[in-house]
1. Which condition from (1) among the charged types (D, E, K, R); (2) more than 15 Å from ligand 1 (Cβ to nearest atom); (3) free of Cβ contacts under 8 Å to residues at least 24 places away in the same chain; (4) touching a strand residue (DSSP E or B) at 6+ places or on another chain (Cβ under 9 Å) is the one that K196 breaks?
2. Which of the residues belonging to the range 88-122 are among the hydroxyl-bearing types (S, T, Y) and touching a residue at least 40 places away in the same chain (Cβ under 8 Å)?
3. Return yes when Q53 is surrounded by fewer than 18 Cβ atoms within 10 Å (Cβ to Cβ) and within 16 Å of ligand 2 (Cβ to nearest atom) and no when it is not.
4. Any chance the range 163-182 includes a residue that's farther than 20 Å from G42 by Cα, modelled with pLDDT under 95 and away from ligand 2 (no atom under 13 Å from the Cβ)?
5. So which residues in the range 51-78 are at pLDDT 95 or above, more than 16 Å from L8 (Cβ to Cβ) and β-branched (V, I, T), if there are any at all?
6. Name, by its number, the condition in (1) more than 16 Å from ligand 1 (Cβ to nearest atom); (2) surrounded by 22 or more Cβ atoms within 10 Å (Cβ to Cβ); (3) under 19 Å from the mean Cα position of the chain (by Cα) that does not hold for D144.
7. Could you figure out which of (1) in contact with a Cys (Cβ under 9 Å, 6 or more places away or on another chain); (2) at pLDDT 95 or above; (3) within 16 Å of ligand 1 (Cβ to nearest atom); (4) not charged (D, E, K, R) isn't true of L156?
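The values are calculated or read from the model by the stated rules, or taken from the named source; none is laboratory data. Only a predicted model underlies this, so the values are computations on that prediction, with no experimental measurement involved. As a convention, Cβ positions derive from the backbone with ideal geometry for all residues, glycine included, and neighbour counts pool all protein chains shown.
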Amino acid sequence: MNKDHKVLYSGMQATGNLTLGNYLGALKNWVSLADEYECYYGVMDLHSLTVRQDPAEFRKRARALLTLYIAAGIDPEKNCLYLQSSVPCHAELAWILDCFTYMGELSRMTQFKDKSAKHADNVNAGLFTYPVLMAADILLYQTDVVPVGQDQLQHLEITRDIAQRFNSIYGDVFAIPEPYIGKVGAKIMSLQDPSKKMSKSDENPNASIYLMDDPDTIRRKCKRAITDSEATIAYRDEQPGLKNLFDIYCTCTGKSSDEAVAEFQGQGYGQLKEAVGEAVVGILKPMQDRMAEIAADKSYLDRVIKENAERAYYSANKTLRKVKKKIGLTEMPR
Ligand code: ATP
Ligand code: LTN
């Protein structure tokens, strides 16, 4: 981990089956940032508790997500990959920051409004204070940049507001984080409705390619992707289904859209869909194989979980101790 570099923080929730959208839109970019920043990537298992989880399934899922980070190419020796719940400072700072956050601010969060409308039977207080826990995640590590999707920008904004409010009372305790907007904002759309983003909560399983889909399923989903009846190979907004297939193809192969359009000129949509399927299999299959290898070595993963949590705790606790001292909580006598 490069301590001379700026600090980068991000994470994903251990809920649902991750899709190709999560990989191409987030995880793949994280891999390339390791040399440039001191990176912390959390498995946000405390955030997942806003929804009821099956305990055994949940425990497996959190480990699997950490395994996926490693299999995707994030080196756990150079970066800090850890489970949020292994570092108690997150929950502790979240409580303190709760007392510096207003009900009115939290009521304006669009994710809260959306999710409480969707899960009207379980609008718990955790769902309401979710952004404060996220602020704690980020602020504990003196983070400079946070790569997040468009939907999380509002949470980053409230994080900055809370940090500035705290700093204006107690001095410069927290670094003020900036959003990190990736170079290619690969937003992958649903294969069945290209006006919607590919999402792990989509009810139609053909709409999303899951990272754990086997090669035949991936090929089949690509073949069935919705295109159009124009029968012309082009990369343009008027043909959104085709454009999405090109986006997937280009992000998987590293080709530009011009190169890809030239490659398939004169061919049918069927050939393009086949090539997209192969390109996705070419990326996902090796990653799945690596995941199986890592998962088979339980002691390796246990060691990664323990060592990285210790490193994360060391950094997080430095900030937490400073916060406690500033607000006047009693330090443990030596
Ligand atoms: P949900 O379906 O539950 O809303 P999601 O699939 O949108 O979940 P998140 O957990 O909200 O996933 O996002 C994890 C990360 O993946 C975020 O950084 C988000 O921007 C990114 N991401 C999710 N879906 C896509 C997509 N279709 N294209 C690009 N990036 C995506
Ligand atoms: N809310 C985010 C996950 C998340 C996160 C974070 C992202 C929790 N804490 C801190 C960046 C930094 C999501 O749902 N994608």
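1. (2)
2. T101, T110
3. When the stated conditions are applied, Q53 passes them.
4. no
5. T67, I70
6. D144 satisfies every listed condition except (2).
7. The failed condition is (1).
Yes/no per residue for (1) within 23 Å of A296 (Cα to Cα); (2) touching a helix residue (DSSP H, G or I) at 6+ places or on another chain (Cβ under 9 Å):
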{"site": "W30", "(1), (2)": "no, yes"}
{"site": "R59", "(1), (2)": "yes, no"}
{"site": "A71", "(1), (2)": "yes, yes"}
{"site": "L83", "(1), (2)": "yes, yes"}
{"site": "C89", "(1), (2)": "no, yes"}
{"site": "E92", "(1), (2)": "no, yes"}
